[in-house]
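Data first, discussion second: the structure below is written as structure tokens.
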Amino acid sequence: MSPIGDPSPSPFYHPINPSLVPFATIPISIQLAAVVDKEKRKKKKKKIILHFERRNYFKMEMKLPVGLNKAKPYLTMTSLQFGFAGMYVITMVSLQHGMNHYVLAVYRHLVATIVIAPFALVLERKIRPKLTVPIFLRILVLGFLEPVIDQNLYYLGMKYTTATLASATVNVIPAITFVLALIFRLEKVNLKKVHSIAKIIGTTIMVPGAVIMTLYKGPSISFTKFGGGAHQTATNVAEAKHWVVGTLMLLGRCWGWSGFYILQSFTLKMYPAELSLTALICFIGTIGGAAVSFAMERDLNAWKIGWDSSLLAAVYSGVVCSGIAYYAQGVVIREQGPVFVTAFSPLCMIITAVLGSMILAEKIHLGSIIGTVLIIFGLYTVLWGKSKDRKSSNTEEGGKDIELPISDSGKSINLEDSTDGAVRILKIPAENTGEA
């Protein structure tokens, strides 16, 4: 084919392989003139115009550097781990000051609902799918798995143990999610490929790392203390009395959290409106959590909240860890899958261990450091395997040819791009310049 702009006649070949023409480098409007052979086309000349357009909300994305665009999922999940780490420390302080964990879970999702709902109503009013019965039932289960089961077991387990252990048990979530993803065919494994083996090895390594952090302590290593000495006594008492029960509760919430990720991945395929889905999950979680709270806690004074750490815990965890996190995780899950999202969980434990040592005066033991090394190694192994898996999938999709029909009606053809989600509109109006 002659270069674009060459006045010499050139045949128009189709199918066109979209991988040969990177869309990010193509101008918004391209006119490709093709003169069809007079003898083969009955001396009829047609002018074929290829006009590519993108929806407005993709224009800002195209201006980002390619490297930054690819790094967005990694930066998003890393930032969320800092947010989760702050929640672990703040809620631990709140619980030690007498905040009821059932009430805290309700207030958390009530705040998230109030914050996210207006954005969902305005920003997704044109793209929000119809809420059918199957979708609503899935959202009901999602609102029960994470806001009710996960949150209450987490708060109760952390109250009986420490903030560091609560974040450490999260490290088994990638392994649980990976197994569930294999069962429900959300993750593909080919033992003949190195990157698939890397995902298995990395996930397997993170499990003993979490076990070592939980069961083996070793000598303690002290960090600089900025305060929180009064919390040390409460922490030691918790370690002596309810360590085993609290650990079991924390492991139970990991299964609920992994199930939440898997079901969220399926639900987003039927209801691709992340903000609306987040608002509905938080709203249902608020109702379900309130029912559990009234059943378990009959004292109405427990619902009183003042201008202290309790209010900070409810607002911070509601906005950051329920509202923003549910939405951001949903976006990343649609692009990368649930295994990618959970692979970043170990980072939260490392950040929490440092913050807990400084703020809550919790001791970091040698076992925590050994477990951290194993977890980080396993994390990077999984991420490397996922990145290679993504490239392999894009290569297979990019090698497929797309047939472009040519008609005299000049109709537009919508082409969905599975790689970046952009919609490309192909307009091929035919103009007769000669007689048949």
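The values are calculated or read from the model by the stated rules, or taken from the named source; none is laboratory data. Predicted model, so just to flag it, every value in this text is computed and none were measured. FYI the Cβ positions are ideal-geometry reconstructions off the backbone, even for glycines, and counts take in every protein chain you see.
From the list Gly371, Gly385, Gly285, Gly306, pick out the single residue that is modelled with pLDDT of 90 or more, of a type in the set (Gly, Ala, Ser) and either surrounded by 18 or more Cβ atoms within 10 Å (Cβ to Cβ) or outside any helix (DSSP H, G or I) (or both).
Selected residue: Gly285, the only one of Gly371, Gly385, Gly285, Gly306 that is modelled with pLDDT of 90 or more, of a type in the set (Gly, Ala, Ser) and either surrounded by 18 or more Cβ atoms within 10 Å (Cβ to Cβ) or outside any helix (DSSP H, G or I) (or both).
If the condition is being in contact (Cβ under 8 Å) with a residue 60 or more places away in the chain and in a helix (DSSP H, G or I), then segment 174-189 contributes Pro174, Ile176, Thr177, Phe178, Leu180, Ala181.
Cβ-Cβ distances below 7 Å connect the following pairs, each with a first residue in segment 267-295 that is assigned by TED's automatic domain parsing to the domain that holds Arg108 and over 21 Å from Leu104 (Cβ atoms), a second residue that is modelled with pLDDT under 95 and among the small types (Gly, Ala, Ser), and a separation of six or more residues or different chains: Leu268/Gly330; Glu274/Gly330; Leu275/Ala120; Ser276/Ala120; Leu277/Gly330. Residue count for segment 122-173, restricted to those that are in a helix (DSSP H, G or I), loosely packed, with under 14 Cβ neighbours inside 10 Å and touching a residue at least 24 places away in the same chain (Cβ under 8 Å): 1. The set of residues in segment 105-157 being basic (Lys, Arg) and within 21 Å of the chain's Cα centre (by Cα) consists of Arg108, Arg128, Arg138.
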